[in-house]
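Q: I'd like to ask you about the structure that follows.
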Amino acid sequence: MKHTITLILGDGIGPEVTAAVVTVLERSGLDVEWDAHLAGAASLERHGDTLPVPLLDSIKRNKIALKGPLTTPVGSGFTSVNVGLRKALDLFVNLRPVSSVPSITSRYEGVDLVIVRENTEDLYAGLEHEVVPGVVESLKIITSVASTRVARFAFDYAREHGRARVTAVHKANIMKLSDGLFLESVRNVAAKYPDITCDDRIVDAACMHLVMDPTQFDVLLLPNLYGDIVSDLCAGLVGGLGVVPAANLGTDIGVFEAVHGSAPDIAGQNVANPMALLLSAVLMLRHIGEGTIADRIVSALGQVLSEGRVRTRDLGGSATTSAFADAIARKAVAA
Ligand code: NAI
């Protein structure tokens, strides 16, 4: 089946890592037409807008996008392009599977957990104002509607992926109303999934437990801010931002992107690691029913990493972005 997928090239290292991933996907046999668009800083320069309407229309039409990292221009008046995209398309879930990668040295082995982060509200609502000079107020918005729908997603995900437990992470002992509502919403949803165990941890304790023994966790369900922080912590458990994929999901739209940013310090040098975006593309392939190609790419990546000859600089090698992609593509080529 031919797929039409919106492609956001991204800023900084974005064009390099997206080109690498496109190469691997096409050479692995994905039948695809790319609907390429600019966003972020590149789009601001060309179209005067960081999130142009034709891009949003393209994603709404195609339902699927592969996205390179975007630079949020520095200066007042620019809210985060990534937060803007999630809001504009109501991508209410940020999904990050975090697993140990064989052949990549990290602090732990056997980590296999999934972060489900609410993506639209909490302190990211961006409602801040100065009450009087020297005093600012930032509003933390938690609603039962958003908490319930992300909780439903987490329990459905657990059921579909054979996972036994969902752990809600919160600070309801202090923020009794806001985090209390999140926790209550999760518990109401959990009651409808008797086959999945539901428990909860206070966010500070959860961080300590993650660092002590991350293998004790299965699915973690968090409001936006804790989800943002804890998911980077979890990336650090398995080798860092370069090896962790992510998906932003709405009711019928999926935007798949790496967790890392546009890395301006190494942009244009052909040294960035495309692995995180490639693993995000693997999530995308499974989402669109191309599991066979996804499996082939995962296996090819595993072989290249375990052979150890072709690795990018951040993984201890000296291969370029394109050489790393080429090595994976050669092994993932469709029979
Ligand atoms: P960053 O993730 O771009 O870079 C942090 C460090 O990691 C840098 O030393 C960079 O060279 C390295 N790094 C990142 N990705 C890499 C890769 N694939 N291979 C090898 N090394 C890599 O974070 P930073 O510098 O805080 O942000 C730069 C820009 O990216 C900012 O404008 C920020 O707003 C944006 N950003 C965008 C995101 C997105 O589009 N989802 C997420 C995070 C940041």
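Q: Counting pairs of alpha carbon atoms under 8 Å apart in space and at least six apart in sequence, what relative contact order in percent does the chain give?
A: Once normalised by length, the contact order is 23 percent.
Q: Which loop trypsin sites (Lys or Arg not before Pro) in segment 73-130, with loop taken from DSSP, have no more than 14 other Cβ atoms within 10 angstrom of their Cβ?
A: In loop regions of segment 73-130 (DSSP not H, G, I, E or B), the sparsely surrounded trypsin sites (Lys or Arg not before Pro) are R107.
Q: Ok, one more. Need the list of lysines near K87 for cross-linking: C-alpha distance under 27 angstrom, and skip anything on the same chain fewer than eight residues off.
A: K60, K63, K67, K140, K171, K176
Q: If you don't mind, there's one more thing I want to ask. Counting only other residues whose beta carbon sits under 15 Å from that of G308, what net charge do I get with K and R as +1, D and E as -1?
A: +2
Q: Let me ask something additional. Compute the FRET efficiency between E184 and V131 as 1/(1 + (r/R0)^6), taking r as their Cβ-Cβ distance and R0 = 41 Å, and round to the nearest 0.05.
A: 0.90
Q: So what's the back-of-envelope 222 nm ellipticity for the chain, counting only DSSP H runs of four-plus at -39500 (n - 2.57) apiece and dividing by all residues, rounded to 500?
A: -12500 deg cm²/dmol
Q: Taking amide H atoms as placed 1.01 Å from N in the peptide plane, list the residues 5 or more away in sequence, or in a different chain, whose amide H sits under 5 Å from that of A168.
A: D199, D200, R201, L221
Q: Roughly speaking, to the nearest percent, how much of segment 106-238's 1.4 Å accessible area is carbon and sulfur?
A: 57
Q: Quote the relative contact order of segment 106-238 in percent (integer), defining contacts as alpha-carbon pairs under 8 Å separated by 6+ residues.
A: That works out to 38 percent.
Q: Shifting gears a bit: Nearest 10 degrees, 0 to 90: what angle lies between the long axis of helix 224-237 and the longest principal axis of the chain (Cα atoms)?
A: The angle comes out near 50 degrees.
Q: Straight-line reach from K192: which aspartates and glutamates have a Cα under 20 Å away, not including same-chain ones fewer than 8 places off?
A: E118, D156, E160, E184, D200, D218
Q: Pop a pseudo-label 7 angstrom from the Cα along the beta-carbon direction at both T4 and R61 and give the gap in nm to one decimal.
A: 0.5
Q: Turning to a different aspect of this structure: Hey, what's segment 106-238 come to in accessible area per residue, 1.4 Å probe, Å²?
A: Heavy-atom accessible area per residue stands at 48 Å².
The values are calculated or read from the model by the stated rules, or taken from the named source; none is laboratory data. Everything numeric in this text was worked out from a predicted model, so none of it was measured. Ideal geometry is used to build each Cβ from the backbone, glycine not excepted, and the neighbour counts take in all protein chains shown. Side chains included, ligands, DNA and RNA excluded: accessible areas come from the protein's heavy atoms. Shrake-Rupley method; radii C 1.70, N 1.55, O 1.52, S 1.80 Å.
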